[in-house]
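One structure is given below, encoded as structure tokens.
All of the numbers you see were taken from the coordinates with simple rules; none came from a lab. Model, not experiment: these values are computed from the prediction. Note: ideal-geometry Cβ built from the backbone for every residue, glycine included; neighbour counts use all protein chains shown.
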Amino acid sequence: MAKPKILVLDGFGLNCERETAIALSEMGADARVVHFYKLQTRREKLEEYAGMVIPGGWSFGDDIAGGKVLANRIKYRIWDQMKKFHEEEKPIVGICNGFQMLVKLGLLPNLSGRVEQEVTLTNNASGKFEDRWIALAPQKKSVCPYAKEVGWISAPVRHGEGRFIAKDEKTLERIEEMGLVAFRYACEGGKREENESVGYPLNPNGAQNDIAGVCDESGKVFGMMPHPECSIFEWQHPNKEKAHAQGSRKFYGNIVKEAAKF
């Protein structure tokens with residue numbers, strides 16, 4: 001059986017592309033790092049891929065806001081390709097800066113279906129850059145296939161603009177009711193009390209409802225702030241006794257599994 005081709009976007013300050021490609025390859029994908037300009041000039045064709053991952057980094061130096069300029073670049077340079085890819089419900093995943101981009105572009109959570117911004121990822125409530133290992137709890141009622149049977153994830157966060165905020169209370173309620181929250185910040189082992197915030201520093205940025213990752217209604221477009229590509233091997237963790245690679249590997253395995261359908 002052929003390995004599903006998954007494109008890992010590169011360029012403009014995205015800097016986690018190699019780790020992301022390795023994580024996908026470890027789980028059975030034919031992961032290829034592709035610079036944005038190759039898509040823009042059609043030297044590479046997005047339609048020939050079964051999935052797309054936008055990795056972390058600081059595209060365009062986070063000018064204006066994290067992911068904003070990259071979102072505009074996609075909107076005005078390759079939107080015809082991206083729109084078709086999205087309509088086919090192929091996996092589109094954004095990690096950290098990629099998540100910020102998908103939010104600013106309007107693909108997440110896209111409640112209206114009009115691809116317009118409805119939530120944001122803004123400055124951390126702590127007022128400073130946060131860099132630490134955290135735990136994530138997958139949500140059982142989530143419609144996101146990438147969170148299925150994950151157990152929990154231990155991964156680092158490395159961001160200054162990761163606080164998830166919906167534009168109003170109604171939007172937040174709909175996100176919750178529709179099962180679009182895929183992961184929440186949690187205590188070690190993925191433990192958390194329902195409807196109770198774990199607080200800072202377990203929630204590193206002050207995100208509403210401890211939201212770390214969300215998807216759209218199809219479940220196929222997904223974004224999260226933490227970096228599971230940095231926790232697929234036990235040796236990546238600073239404390240090997242607390243290393244937990246199974247969750248991250250299952251997460252990337254789920255992405256590959258969905259891409260294999262195309």
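As a proxy for reagent exposure, ranking THR120, THR41, THR171 by other Cβ atoms within 10 Å from fewest up yields THR41, THR171, THR120. Per-residue Cβ neighbour counts within 10 Å put TRP133, TRP79, TRP58 in the sequence TRP79, TRP58, TRP133, beginning with the fewest. If R0 equals 22 Å, the separation of the Cβ atoms of ARG132 and GLU193 corresponds to a calculated FRET efficiency of about 0.55. Region 1-61 and region 72-102 have Cα centres lying 12 Å from one another. Mean separation of Cα pairs under 8 Å and 6 or more residues apart, divided by the residue count, gives the chain a relative contact order of 21 percent. When the P(r) of region 5-259 is calculated, the portion above 32 Å amounts to 12% of the C-alpha pairs. Taking GluC sites (Glu not before Pro) across region 166-200, the ones in a DSSP loop with at most 14 further Cβ atoms lying within 10 angstrom of their Cβ are GLU188, GLU193, GLU194, GLU196. Checking Cβ-Cβ separations below 4.7 Å across the chain identifies CYS16, CYS96, CYS187, CYS230 as cysteines lacking any candidate disulfide partner.
Ordered by the number of other Cβ atoms lying within 10 Å of each residue's own Cβ, fewest first, LYS167, LYS38 fall into the sequence LYS167, LYS38.
In terms of the Cα gyration tensor, with a ≥ b ≥ c the square roots of its eigenvalues, is region 1-73 rounded because a/c is under 1.5, prolate because a/b exceeds b/c, or oblate? Here region 1-73 falls in the oblate category. Once C-alpha pairs closer than 8 Å and six or more residues apart are averaged by separation and normalised to the residue number of region 157-262, the relative contact order reads 24 percent. The relative contact order of region 17-153 comes to 17 percent, based on Cα pairs under 8 Å that sit 6 or more residues apart.
Helices in the chain that qualify as membrane-span-like (whole DSSP H runs, Cα extent of at least 18 Å along the helix axis, mean Kyte-Doolittle hydropathy of -1.0 or higher) are 246-259. Only bridges with both residues in the chain count here: give the DSSP antiparallel percent, nearest 5. Antiparallel: roughly 60 percent of the beta bridges in the chain.
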